Amino acid sequence: MKNCLLFFLFLISAAANAQIKTKPLVKSGLDRPKLVLGIVVDQMRYDFLYRYWSKYSEGGFKRMLREGFSFENCNYSYYPTYTGPGHASIYTGTTPAMHGIVGNNWYEKASNKKMYCTQDDSVTSIGGSEKEGKMSPKNMQTYSVGDQIRLATNFRGKSFGVSIKDRGSILPAGHGADAAFWFDSESGNFISSTWYKKLNGELPKWLKAFNEKKEAEKYKSSVWNTLLPIEEYTESTADLADYEAGIIQNQNPVFPYDLKLSKENGYEIIRKTPFGNTLTADVAKALVLGENLGNDDFMDFLAVSFSCTDVVGHAYGPFAIETEDTYLRLDRDLEAFFSFLDKQVGLNQYLVFLSADHGILEVPAFLEKNGMPSQLFNQKKLVEKLKKFSIQNFDSLDLVKSFMNQQVYLDEALINLKNLDRKVIVNKFIQFIEKQDLVTRAFAYQGDRPFPNVPFLEKYEAGYFKGKSGDIQVVVKPGSLDHGDKKGTSHGAPYSYDSHVPCLWMGWKIKHGESSQKIEIQDIAPTLSSLLKIMEPNGCTGSPQSIPLKK
Ligand SMILES: [Zn+2]
């Protein structure tokens, strides 16, 4: 009898093994999109959806607003508002306090080294220069929604990321992605790294073929002129302004831009023009075709980030013709991409969401000129003064190790070596910093809430990760910028101009509509998870928001 039972169990297990080996493609029976497309427009503030309304095509941003659902009040719930943290937060459904991407760069206390958000010295480049390929999602401590799609489909659904910027591609795609691809300025190719084991150390055939077309070469020797006649850019300020940084050295920041005149190394200039976004859309299309995305019963995931809006925005500010032209061209790229997906994947077969990794402050000099309060906060000067203060007050010791993301990092090794009282140092530093121009508050990160009346304290807490964030937070006035250059502008603050971004959903079963309810950036991933009937990413702290669906 016992033997009989064992034989029976053997038969069951053999049958199960056979089933695993053949992996039959059985439909899940659930109504899910075939492809989920996440789009991040780098530095796109909420108002850009409407500022250029009259000049947008019918098939890009306007199509998303006309056919889809818009959360009109989506905000970043943490500081610092930079690219790495923004991408990580959208796709992991949480904030830097949980996913650990506290800036584009930070100082690692344990190793005493500066760290770049996607830096990974243990991997090597595939298809491009060594330096730009040593990248992976290793520093991100929680899953992305792409990872959850992989898990939910038993790894049958594919997951990819693509962007000009490495961090715009790697962090969204997640740890378990099939691959992320990004632009290498040295070779002009889209590349990857050995983190992605499925690549087997080689770029896929379709990407090799794409790189061989040398599109980057074509753009590098082209001229950037306005898409429409320049006099039609009535939403923007005059073409020549002395506060614009420009993109080509020793050339006036005015149209047309002959990109051949750029003296920069390799293909760097492409990142500074709308052509980099077109190139991104083109490689994304090649990826959809090459990897056959959205073509079976297991939903695939593609994260595309358009980065050039950010580089142009930094150089010219949000109200320049160059910025407007970059958005008008991106809008056309989106229109073409959606119409490509309509044919390739099918109408209502794909679900797309669009947001941004942060916003942008108007150029301070422009605001000042128009009588609005705004000033440059010179962080370099503050660091010099603070170092001098330290030397004068603490036995000729410079206790400032680093200053990043508006945070002071103390030299812990020196403090320990000299057996100094850390609390005394912190308090003296805070008193000194608070006396500086444009600084409203400074406070220490000590695990408690020492200054409960600091505006946006919860935003600072949500952005703090022990061992990666600095020791003292410097809070500057709204409209003030820690940007060394008087030309151009930047982002990073907790204020509305850096935190209010678009949040659009379109396709699959999404019904048209809009909501003015305030939602937070970490709500995007759980909202998507809820629509797809999958688990939210593992460190998720956001809440699913309701979007009406067609029956
Ligand atoms: Zn960014």
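Summing charges over all other residues whose Cβ lies under 11 Å from the Cβ of LEU35, with Lys and Arg as +1 and Asp and Glu as -1, gives 0.
DSSP assigns beta bridges within the chain; of those with both partners inside it, close to 50 percent run antiparallel.
In the assembled protein chains, ASP282 presents an accessible area of approximately 40 Å² (probe radius 1.4 Å). Extending 7 Å from the Cα toward the beta-carbon at both LYS518 and MET535 defines two label points whose distance is 3.2 nm.
Only helices enter this figure: runs of n ≥ 4 DSSP H residues, each worth -39500 (n - 2.57), summed and divided by the residues of the chain, yield -9500 deg cm²/dmol at 222 nm to the nearest 500.
From a point 7 Å beyond the Cα of TYR116 in the direction of its Cβ, which residues of segment 80-97 have a backbone N at a distance under 16 Å? Those under the cut-off are 83-85. Contact order, relative form, for the chain: 28 percent (alpha carbon pairs under 8 Å, 6 or more residues apart, mean separation divided by residue count). Highest mean packing comes first when the peptides 138-148, 183-193, 221-231 are listed by Cβ atoms within 10 Å, giving 138-148, 183-193, 221-231. Between PHE155 and ASN252, the modelled labels are 6.0 nm apart [label points 7 Å from Cα along Cα→Cβ]. Per residue, the accessible area of the chain comes to 42 Å² when a 1.4 Å probe rolls over the protein heavy atoms. Heavy-atom accessible area with a 1.4 Å probe sorts PHE456, PHE155, largest first, into PHE155, PHE456.
Seen from VAL383, the other residues with C-beta closer than 12 Å to its C-beta sum to a net charge of +3, counting Lys and Arg as +1 and Asp and Glu as -1.
Charging the Cβ of each Asp and Glu at -1 and of each Lys and Arg at +1, and nothing else, the dipole of the chain about its Cα centre rounds to 1580 debye. Legend: calculated FRET efficiency, VAL383 to LYS343, from the Cβ-Cβ distance at R0 = 60 Å, rounded to 0.05, equals 0.65.
Across segment 427-551, C-alpha contacts under 8 Å between residues 6 or more apart give a mean separation that, scaled by the residue count, equals a relative contact order of 18 percent. Computed from the Cβ-Cβ distance with R0 of 25 Å, the FRET efficiency linking LYS423 to LYS138 stands at 0.15. What fraction of the DSSP beta bridges in segment 368-502 is antiparallel, stated in percent and rounded to the nearest 5? Bridges in segment 368-502 are about 85 percent antiparallel.
To the nearest 10 square angstrom, what accessible area does GLU215 show with a 1.4 Å probe? About 30 Å², ignoring ligands and nucleic acids. Within the accessible surface of the chain, defined with a 1.4 Å probe on protein heavy atoms only, the carbon and sulfur portion equals 52 percent.
The values are calculated or read from the model by the stated rules, or taken from the named source; none is laboratory data. Everything numeric in this text was worked out from a predicted model, so none of it was measured. Don't worry about glycine lacking a Cβ; one is built from the backbone with ideal geometry, like all the others, and counts go over all protein chains shown. Accessible surface is based on the protein model in full, side chains and every heavy atom, while ligands, DNA and RNA are left aside. Shrake-Rupley method; radii C 1.70, N 1.55, O 1.52, S 1.80 Å.
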